[in-house]
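> To start, I am sharing the structure in question, which I have written as structure tokens.
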């Protein structure tokens, strides 16, 4: 008994642009450019070394000089421009391609990184998403990019596990907070679409460099996660950093 039952990898980028100052062969890279050759060897190595262990590939965007609107993430001081509808649809395509590829490569599921000020997180948050088109405004519209990724992927991978990692608070005024998190998840239909009807991993915004008022103590972050999971009757998943602290 015991041992590792689930591994969630670090983020595999599906779309990115070249950082300032870097020589770039092309302005943007899609999943076809970024896909790691031989990725199936990672899933195979895990399954061979511990047959009962599952491995889930985390998917995210790499560096981008654009976002849902001109409001940058609280974790960045960089200027940002709004993505065009065409760019958003390309990004959706890249996520879908990556999900299909990860299933074909032997992974047991994927996790969409919708936290820590990344692109999907910025679309979900009312603080950073100030769009007035179909990808902004209401909770349902802000979650549209994620819904379209999942719905389109489901057509290709069926009921294969697609998870999402999301902040339960942005720690900024006008952003997602613990009191509105559960309502926004229900109205966005994300738990339903990702098949997380009775279980979810909840956390808070990344505690590194930011303009937010994130509590320095892991105990405070754990208390916030407990508060959310008690309301939603969900299980609590913690990162190693927070696991090293005692529960409140």
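> Checking the condition in contact with a strand residue (DSSP E or B) (Cβ under 7 Å, 6 or more places away or on another chain), at pLDDT 85 or above and part of a loop (DSSP other than H, G, I, E, B), which residue from 9, 70 passes? Please lay out each step first, then the result.
Working: 9 fails: part of a loop (DSSP other than H, G, I, E, B).
Unique residue meeting the criteria: 70.
> Which ones in the stretch 76-96 are farther than 20 Å from residue 138 by Cα and surrounded by fewer than 19 Cβ atoms within 10 Å (Cβ to Cβ)?
So in the stretch 76-96, the residues farther than 20 Å from residue 138 by Cα come out as 76-81, 86-87, 90-91, 93-96.
Matches in the stretch 76-96: 76, 77, 78, 79, 80, 81, 86, 87, 90, 93.
> Those residues that are in a loop (DSSP other than H, G, I, E, B) and at pLDDT 90 or above, I need them from the stretch 110-132; list them, please. Lay out the reasoning, then the answer.
Residues of the stretch 110-132 that are in a loop (DSSP other than H, G, I, E, B), as a first pass: 115-118, 125-132.
Across the stretch 110-132, the qualifying residues are 118, 125, 126, 127, 128, 129, 130, 131, 132.
> Follow-up question, since we're still on this one. How many residues are within 18 Å of residue 9 (Cα to Cα) and surrounded by fewer than 24 Cβ atoms within 10 Å (Cβ to Cβ) if we restrict to the stretch 116-138?
Residues meeting the conditions: 2.
The values are calculated or read from the model by the stated rules, or taken from the named source; none is laboratory data. Owing to the predicted nature of the structure, the values given are computational and were not obtained by experimental measurement. When we count neighbours, we look across all protein chains shown, and the Cβ atoms used for this are built from the backbone with ideal geometry, even at glycine.
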